[in-house]
Amino acid sequence: MKQIFLFIILGIFLSSNAQANKSKRTWDYPFLDYKEWEVKGSENHYKFQSNLREDKDVLKEFKNNKNTGIISYLLFEDDKIVIDVSDIPKKVSSGDTIIDGLLPSHSMGKSLVSYVTGHAICEGYIDNVNVKLDDWPLIKSTLYDNSVLLDLLNMKGGDQKWVGERMKNGSDNRIKGPKKENVNVIGLMKVMNVYLRGSEKSKLIYNYSALTTNVIMNYVKHKTGADWDKLLHKVFNEHIGVKNSVYFSKSRKYLKYDDFVSARYSFYADRYDYLRIAKTMMDDWHNDTCAGKYLKTIYENRVQKKDNTKKSTDVGLYTKSYGGQIHFDIFGIDKTRKILGLSGFAGQQILIDLDNKRIIVVSSLYRNYNWKKIVYKKIKN
């Protein structure tokens, strides 16, 4: 009876929202169903100052958020939070509970994997972005063997015949095969042994893919070995100084490979800790820290995207180039402007305007809010 009741409730929700095409769940990887790596918050976390103002455009989106889907909006400029609005439900349509305000990154987590990779280079676990992945048994005799790290960071894995948006009838997380399994769930060992062993690399072109990111993340985990948790602690607790615990997820079916547990880029944090992460990335850039130099390196080596996604609903769709798992060069904005774009499924957005030291962080249940008005125009002006 309980299952029937849940199906009825879910059906009512999907039916009521079908017209606006908002039926996709945000919490499609329920937090409680997975194991995670936890990084605890720091007692020395950054304490924000505020100088709040009301913004009629943002308030309009929240007033109608059953249709727009927006649940959190932060605008940071002049070293203060100036717009701070939230309406975070305790549960979402699937019945998943939101734990202590934790919000999913979805593909924004790809950019955070890149940031962790930069720190792994800074700490000496990896020599530089130009290393070849030729020392990892798990990917031997697969298309990823001997790949250059920078190519993978730029989504040029040569994997478009198997996974990604360039694959015929493909998506970023489904691998070619009769079951079209989700690479975020089945774990990297199964991907390599069942699907890709004996595969060959194709032409190195931009192909947005969840698997490419997971290869990067697990390569960093492989190189750090027993220090993986130590590296995550150094990045998020010591360097960023998050206030509350943040989490990276493991694969649900994370089959072990010589005690290797498969990681994936899904990340969870509360709304202010996402802002702390963004502010630290901005500070790294301006202070020319080692992590800042890494960000500048991936910016200088960014690649052009396939120009068929010019949709003004998301920074991932409305940008010309991509580098180091970050979106760059927003349409309609001076090409000299340096803006980091982090984008995730269902409208998760972080934009870091490096020139004007302005940051926007948005969380949403579905991408139906007026992105052009409350994100793009706020950054462009």
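The values are calculated or read from the model by the stated rules, or taken from the named source; none is laboratory data. None of these values were measured; they are calculated from a predicted model. Using ideal geometry, Cβ is built from the backbone for each residue, glycine included, and neighbour counts are taken over all protein chains shown.
Only one of the numbered conditions (1) free of Cβ contacts under 8 Å to residues at least 40 places away in the same chain; (2) over 19 Å from SER111 (Cα atoms); (3) surrounded by fewer than 19 Cβ atoms within 10 Å (Cβ to Cβ) is not met by VAL191, and that is (3).
The single condition among (1) within 17 Å of GLY124 (Cα to Cα); (2) assigned to a loop (DSSP other than H, G, I, E, B) that THR224 does not satisfy is (2).
Of everything listed in (1) surrounded by 23 or more Cβ atoms within 10 Å (Cβ to Cβ); (2) in contact with a strand residue (DSSP E or B) (Cβ under 6 Å, 6 or more places away or on another chain); (3) among the aromatic types (Phe, Trp, Tyr), the single unmet condition for TYR247 is (1).
Restricting PHE76, PHE62, PHE48 to residues that are aromatic (Phe, Trp, Tyr) and either at positive phi or assigned to a strand (DSSP E or B) (or both) narrows the list to PHE76.
Against the test of being free of Cβ contacts under 8 Å to residues at least 12 places away in the same chain and either under 27 Å from LYS80 (Cα atoms) or of a type in the set (D, E, K, R) (or both), the options LYS279, LYS293, LYS310, LYS338 yield a single qualifying residue, LYS293.
Note on segment 292-344: residues that are closer than 27 Å to TYR366 by Cβ and of a type in the set (Phe, Trp, Tyr) total 4.
If only residues of segment 38-68 that are out of contact with any helix residue (DSSP H, G or I) (no Cβ under 6 Å at 6 or more places or on another chain) and within 28 Å of SER251 (Cβ to Cβ) are counted, the one that is surrounded by the most Cβ atoms within 10 Å (Cβ to Cβ) is GLY41. Is it true that some residue in segment 76-90 is at pLDDT below 95 and either of a type in the set (A, V, I, L, M) or crowded, with 19+ Cβ neighbours inside 10 Å (or both)? Yes: one or more hits.
Against the conditions (1) loosely packed, with under 14 Cβ neighbours inside 10 Å; (2) modelled with pLDDT of 95 or more; (3) more than 14 Å from SER363 (Cβ to Cβ), LYS35 satisfies every one except (2).
Let's see how each residue does on (1) surrounded by fewer than 19 Cβ atoms within 10 Å (Cβ to Cβ); (2) touching a residue at least 60 places away in the same chain (Cβ under 8 Å); (3) not basic (Lys, Arg):
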{"site": "GLY164", "(1), (2), (3)": "no, no, yes"}
{"site": "ARG174", "(1), (2), (3)": "no, no, no"}
{"site": "LYS201", "(1), (2), (3)": "yes, no, no"}
{"site": "LYS221", "(1), (2), (3)": "no, no, no"}
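Checked against (1) touching a helix residue (DSSP H, G or I) at 6+ places or on another chain (Cβ under 7 Å); (2) hydrophobic (A, V, I, L, M, F, W, C); (3) within 30 Å of LEU275 (Cβ to Cβ), LEU150 meets all criteria but (1). Every test in (1) surrounded by 13 or more Cβ atoms within 10 Å (Cβ to Cβ); (2) modelled with pLDDT under 65 is passed by SER93 save one, and that test is (2). Taking segment 215-247 as the range and being closer than 26 Å to GLY158 by Cα and of a type in the set (Phe, Trp, Tyr) as the test, only TYR219 passes. When only residues in segment 134-154 that are touching a strand residue (DSSP E or B) at 6+ places or on another chain (Cβ under 8 Å) and touching a residue at least 40 places away in the same chain (Cβ under 8 Å) count, which is farthest from PHE345 (Cα to Cα)? Applying the filter and picking the extreme gives LEU138. Taking helices (runs of 4 or more DSSP H) as the structural unit, those lying wholly within segment 101-199 and holding at least 3 residues that are under 16 Å from the mean Cα position of the chain (by Cα) and not hydrophobic (A, V, I, L, M, F, W, C) correspond to 108-122.
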